[in-house]
Amino acid sequence: MKAGTDMSAVLKAASFAAEKHRDQRRKDAEASPYINHPIALANVLANEGGVTDPDVLCAALLHDTIEDTKTTTDELRGMFGDTVTGIVLEVTDDKSLPKAERKRLQIEHAAHASPQAKLVKLADKICNLRDLLASPPADWPLARKQEYFDWSAKVVAGVRDVHPGLASAFDQLYARRPE
Ligand code: NDP
Ligand code: ZN
């Protein structure tokens with residue numbers, strides 16, 4: 001793909017995600033706009049990880065659309081094609097399962113995911129630990145934050161091989177686990 005085409009695809013994904021998440025907020029006390037989060041993932045990948053694969057950057061921007069909005073797989077496929085949709089599906093939880101089971105499966109699935117999906121997972125965990133450190137949900141007690149840090153580390157253990165630099169960025173955040 002040519003550079004201009006890549007940029008168009010990434011902007012199309014940003015615009016699509018902004019529209020889909022338009023009425024959602026993050027769980028921090030300030031209820032930040034949800035779209036800040038997918039944009040943060042793409043930014044971490046591109047500007048901290050040096051990732052240039054437009055399919056990965058598009059998938060990062062779209063990673064929560066199927067899980068958290070009414071977006072369908074067919075809709076994503078029609079707009080962004082099989083590769084991007086496949087990556088998004090790899091990082092999408094099955095919401096019909098109980099929460100504890102979903103969290104267990106993330107650890108299991110992440111380790112066997114494609115390199116592209118592993119990159120998105122790694123960026124997702126980096127961004128969520130940063131959010132928990134800088135702007136956590138107001139009602140989370142210390143123990144819940146600690147549990148989240150520890151679970152994230154288990155997910156990252158299965159994906160860290162895909163990008164040692166980003167894995168090290170994750171480790172530096174984990175070192176700041178709330179005590
Ligand atoms: P949740 O899955 O409920 O919330 C974490 C997710 O919220 C993140 O993965 C992220 O997902 C999203 N998110 C939105 N805003 C923020 C933010 N500001 N900072 C960080 N993440 C944000 O939390 P848990 O991981 O705790 O999962 C729930 C589990 O914990 C269940 O098993 C439940 O039974 C248990 N639980 C534990 C409690 C406790 O006190 N220990 C209390 C209640 C439940 P995304 O990237 O997808 O947006
Ligand atoms: Zn996410």
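None of the figures in this text is laboratory data; all of them are computed from the coordinates on show. Model, not experiment: these values are computed from the prediction. Note that each Cβ is placed from the backbone with ideal geometry, even for glycine, and that neighbours are counted across all protein chains shown.
Among A153, V120, A18, whose Cα lies farthest out toward the positive end of the dipole of region 3-174, if unit charges sit on the beta carbon of Lys, Arg (+1) and Asp, Glu (-1)? Farthest towards the positive end: A153. Amide H contacts for R25 (H built 1.01 Å from N in the peptide plane; partners 5 or more residues away or on another chain; cut-off under 5 Å): Y34. Take every pair of alpha-carbon atoms less than 8 Å apart whose residues are at least six positions apart; their mean separation over the length of the chain yields a relative contact order of 22 percent. For region 52-76 versus region 1-47, the spacing of their alpha-carbon centroids is 10 Å. Cross-link check: pairs K70/K145; K103/K145; K27/K121 evaluated at a Cα-Cα cut-off of 26 Å; pairs beyond the cut-off: K70/K145.
Placing one equal scatterer on every Cα of the chain and applying the Debye formula, the log10 ratio I(q)/I(0) at q = 0.10 Å⁻¹ is -0.36.
The string of couplings for region 28-41 from the Karplus curve (6.51, -1.76, 1.60, θ = phi - 60°) is 5, 4, 7, 6, 4, x, 4, 4, 3, 5, x, 5, 4, 4 Hz, one whole number per residue in order, with x for Gly and Pro. Each residue of region 159-170 is assigned a 3J(HN,Hα), and the resulting list reads 10, 5, 4, 6, 7, x, x, 6, 4, 5, 4, 4 Hz, derived from the Karplus form 6.51 cos²θ - 1.76 cosθ + 1.60 (θ = phi - 60°), x at Gly and Pro.
Under the convention that each Lys and Arg Cβ holds +1 and each Asp and Glu Cβ holds -1, the size of the dipole of region 3-174 around its Cα centre is about 360 debye.
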